[in-house]
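In what follows, a structure is listed as structure tokens, so that the remarks can point back to it.
The values are calculated or read from the model by the stated rules, or taken from the named source; none is laboratory data. Predicted, not measured: the structure shown is a model, and the values here were computed from it. When we count neighbours, we look across all protein chains shown, and the Cβ atoms used for this are built from the backbone with ideal geometry, even at glycine. Each accessible area value is taken on the protein alone, full model and side chains, heavy atoms only, with ligands, DNA and RNA left out. Shrake-Rupley method; radii C 1.70, N 1.55, O 1.52, S 1.80 Å.
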Protein chains: 2
Amino acid sequence: MQIAEEPASPAPAIILVEPQLGENIGAAARAMANFALEDLRLVNPRGPWPDEKAVAAASGADFVLEKARLYTDLREACADLNFVCATTARPRDMIKRVLTPESAVAEILVRKDAGQRSGILFGRERWGLENDHISLTDAIVMAPVNPSFASINLAQAVLLVCYEWRKQYAGQSIGRHTRFDGAAGEGLARAGGRPANRAELYAFFDHLEAELDAAGFLQPPEKRPTMVRNIRNMFMRMEATEQEVRTLRGIIASLSRSRKERPK
Amino acid sequence: MQIAEEPASPAPAIILVEPQLGENIGAAARAMANFALEDLRLVNPRGPWPDEKAVAAASGADFVLEKARLYTDLREACADLNFVCATTARPRDMIKRVLTPESAVAEILVRKDAGQRSGILFGRERWGLENDHISLTDAIVMAPVNPSFASINLAQAVLLVCYEWRKQYAGQSIGRHTRFDGAAGEGLARAGGRPANRAELYAFFDHLEAELDAAGFLQPPEKRPTMVRNIRNMFMRMEATEQEVRTLRGIIASLSRSRKERPK
């Protein structure tokens, strides 16, 4: 993994999960450069890295590729972010907010002004993101595609988000529409300090799921993955602050304590 | 030249002038299909036509390629159109209106309602459109690119226009993307049944707070009202469904069970 400086840009991180083709990574880097985004993160690229095909497809956006950070774990790639969206071409069987590229960027801008950092996940070329990936995110982003031909090329999907970012960040009126522009956003800030970052949320999930395993709740084993995803989705929607995550962990610890203290 | 039926779609024609790479033509066709545009016109493509590389890059958008019309003359390609825009990455030394993809599509929509047909020109991969081409058009379209990295891939440029078309034509640019409106609401209904009613939520709060009292979490007593309010607020934001409230109650019961089973 490269150690990179914190990017100066307020633009969201573009996070490619298990990208397969260097050409697409390069084309995504070019699209980012076209709209002045720089923070590219790669989670387990399937091919070699660095990749000559990526450099060729970047058409001069080498500076984005050279600064790209490599991760082996999606959680690590998102650890410093406060708001993460997952792009999908089709609706998933999950209860999660659905945004357009436009409304996602509007929300990212409002959050940026509140000092928060955001990222957008893009899945593999053929399959998109797995539900396990999506369950770790705050919202889904779906472009308004033709339902009968919904599969967008990876770099094209990156482009749409970058374009919306530039359009709105470059001074067109921002953010009229999200729940964060008015009372809700201010309310969030007023009420409890900064939103939890991903590392805090994931640690909470680890804690909760370990206790639920110990209590025998996540049974039978074949249903465990779905149960875990559903629970994570519920708590992701809460959009908890750092303080609230501490409260949640206190609740879990408090309710669970007696089990540990129980005489054997 | 193929003889094609007049497309039924009111979407603008996408006109590629002297495209060099079949891959880009195919990727442009895919982008068009993603946003339900069908009228592709090619003016003097530099490679063979039809082109296997175009078909491969179209990823299933063959129907756009098959209906594509070939022209040897830009004027002929635009003959049936009432309004034609030229995309450029850099300003030209011409006196001509400059539009964004967004404003160009807005104008195309107004003209469509007046019975007019429109088209958008895209130039060669390296050079873009020649000034002679541009002089035949009504307006210039420039995406809000990073001036220091302005060169957009041909298919990416096509995508931006198609995306704006779909967004505006489908009425999706109209804001209000809160979690309470259409998309998110439908997602909620699809995935998990009806939202919990107040009675179910309050019963959950009673359950949770009773267990937290029993575990000694809501201490000291003078802080209890604030703690309870904060916890309720967190869970209210989750906007849980009926099923999810049952899951939450299962979690509380499971984590707490051992305390009750503990020998006195």
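Some notes on this structure:
- Shape call, the range B:13-168: gyration tensor on alpha carbons, a/c limit 1.5: rounded
- Counting 0.36 nm for each residue step from residue B:203 to residue B:228 and taking away their Cα separation leaves a gain of 7.6 nm.
- For the range A:198-261, with all protein chains in place and a probe radius of 1.4 Å, 53% of the accessible heavy-atom surface sits on carbon or sulfur.
- An oblate overall shape is assigned to the range B:198-261, the ratio a/c of its alpha-carbon gyration tensor axes (a ≥ b ≥ c) being 1.5 or greater and a/b not exceeding b/c.
- Taken about its Cα centre, the range A:13-168 carries a charge dipole of about 280 debye when Lys and Arg each add +1 at the Cβ and Asp and Glu each add -1 at the Cβ.
- Portion, in percent, of the accessible area of the range B:13-168 that falls on carbon or sulfur, probe 1.4 Å: 50
- Exam field: residue A:113 pseudo-label spacings to other copies (7 Å along Cα-Cβ), nanometres: 3.0
- Between A:56, A:17, A:143, the Cα set farthest toward the positive side of the dipole of the range A:1-143 (charges on each charged residue's Cβ, about the Cα centre) is that of A:143.
- Panel note: contact residues of the range B:17-43 (accessible area lowered by at least 40 Å² against the chain on its own; 1.4 Å probe) correspond to B:30, B:34, B:35.
- Separation of the residue A:67 and residue B:236 label points, Cα + 7 Å toward Cβ, nm: 4.2
- Trypsin sites (Lys or Arg not before Pro) within the range A:18-52: DSSP coil, no more than 13 neighbouring Cβ in 10 Å: A:46
- Each other copy places its own label point for residue A:220 at 5.2 nm from this one, sorted shortest first, where the point lies 7 Å along the Cα-to-beta carbon line.
- Residue-normalised accessible area of the protein assembly as shown, expressed per residue, 1.4 Å probe, Å²: 43
- Accessible area buried by the pairing of B and A, both sides summed with a 1.4 Å probe, works out to roughly 6100 Å².
- Overall, the range A:198-261 carries a charge dipole of about 120 debye about its Cα centre when +1 sits on the Cβ of Lys and Arg and -1 on the Cβ of Asp and Glu, all other atoms neutral.
- Distance between the 7 Å Cα→Cβ label points at residue A:113 and residue B:100: 1.7 nm.
- Remark on the range B:136-173: accessible area falls by at least 40 square angstrom from chain-alone to full-complex state for B:144, B:146, B:149, B:156, B:159, B:160, B:163, B:166, B:167, B:172, probe 1.4 angstrom.
- Ascending distances from the residue A:199 label point to its copies in the other chains, with the point 7 Å along the Cα-to-beta-carbon line: 4.7 nm.
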